[in-house]
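**Q** Just dropping this structure here.
None of the figures in this text is laboratory data; all of them are computed from the coordinates on show. Quantities reported herein were computed from a predicted structural model and do not represent experimental measurements. Cβ coordinates were reconstructed from backbone atoms using ideal geometry, including for glycine residues, and neighbour counts include every protein chain displayed.
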Amino acid sequence: MSMKKIEELVEQAASGTQRHGIFVLQFPAFDIPRLADRYGYQEDDEALEAGRKIRNGDYGRENLMVIVRWKSRRSAHWLDDNSEIDISRALRFACDPRTSEKSAIEALDRLVGVGIPMESAILTAAFPEKYTVIDWRALESLGNDDTQAQKIDYYLQYLAACRDFAVRFKVPLRTLDRALWQWSKEQGKEDRCSC
C-alpha cells in the first residue's frame, strides 16, 4: 500500500468517516488492506468460481453446495430438502440483472435452510462487486451484533453501509468484507453460525 493511500485513510478516520448510520468501523480504516491480506481462506476461490458459474447460467445444486460449504459446512445438509427445480428457479431469479436486491434475497429465502447470511454469501459469490456477506463477525467489526441479521431490510442497510465504506476507503467490497471478518477473528472469539 502506498504512503499516500495510508495518509488518505488516516485522514478519513480522523474526520469521523468511519460511521454509516448504526454501523461504525471498529478499527482504523487504514488497516483494511492489511487485515484483508491476513484473511486466509483458500475456499474463497472455489466459492467465487461457483458463483461465477451460477452468474453465467449454471444453476445446479453442485455450485450452490460449494458456496454453502464455504459459508457454513454445518448448513450444507439443509440443501437436500430442496428440489433441483426449486434451486434452479431461485438462483435464476436472484441472478437476473433485472431483479432488485430485495427480491433476490426473497427468492433465495424460499429455499429450505437458507437464511439471510447464507443468501448474502450466495449473492456475494455470484456478484462480489455488488454484494457482501453479513454474519456475526462482520457485524461485530461494525459495532453491531447479529440479532437483526435475519431481516431483509437490515441486510440492505448493512449492504449500503459496506458499499459506502468501500467507496470512501477506496477498496473493493470483497476486500472490506475480508477485513471485517479478519478483524473479528483476531479478537479471539470462536466461530459460530448465524446462517
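**Q** With each run of n ≥ 4 DSSP H residues scored as -39500 (n - 2.57), what mean residue ellipticity at 222 nm is computed for the chain after dividing by its residue count and rounding to the nearest 500 deg cm²/dmol?
**A** Dividing the helical sum by the residues of the chain leaves -17500 deg cm²/dmol.
**Q** Classify region 18-72 as rounded, prolate or oblate from the Cα gyration tensor: take a ≥ b ≥ c as the square roots of its eigenvalues, call it rounded if a/c is under 1.5, otherwise prolate when a/b beats b/c and oblate if not.
**A** Prolate.
**Q** How do 65, 118 line up, fewest other C-beta atoms within 10 Å first?
**A** Starting with the residue having the fewest Cβ neighbours, the order is 65, 118.
**Q** What is the diffusion coefficient of region 58-179 in µm²/s, taking the Kirkwood radius over Cα pairs and the Stokes-Einstein relation at 4 °C with a viscosity of 1.567 mPa s?
**A** 89
**Q** Hey, can you list the DSSP H helices of the chain whose Cα span along the axis is 30 Å or longer and whose average Kyte-Doolittle score is at least 0.5?
**A** What comes out of the filter, once short or polar helices are dropped, is none.
**Q** Please compute the modelled spin-label separation between residue 145 and residue 89, points set 7 Å along Cα→Cβ, answer in nm with one decimal.
**A** In this crude spin-label approximation the distance works out to 3.8 nm.
**Q** Additional query: Could you pull out the GluC sites (Glu not before Pro) across region 125-193 that fall in loop regions by DSSP (anything but H, G, I, E, B) with no more than 14 other Cβ atoms inside 10 Å?
**A** Sites meeting the loop and neighbour criteria: 129, 190.
**Q** A further question on this structure: What does the charge add up to near residue 117, with Lys and Arg as +1, Asp and Glu as -1, over the other residues with Cβ less than 9 Å from its Cβ?
**A** In short, -2.
**Q** OK, next. If we count every other residue with Cβ under 15 angstrom of residue 107's Cβ, Lys/Arg +1 and Asp/Glu -1, where does the sum land?
**A** Computed value for this residue: 0.
**Q** Further, regarding this structure: Within the set 53/102; 4/130; 4/102; 4/53, which residue pairs have Cα atoms separated by over 29 Å?
**A** Flagged as over cut-off: 4/102; 4/53.
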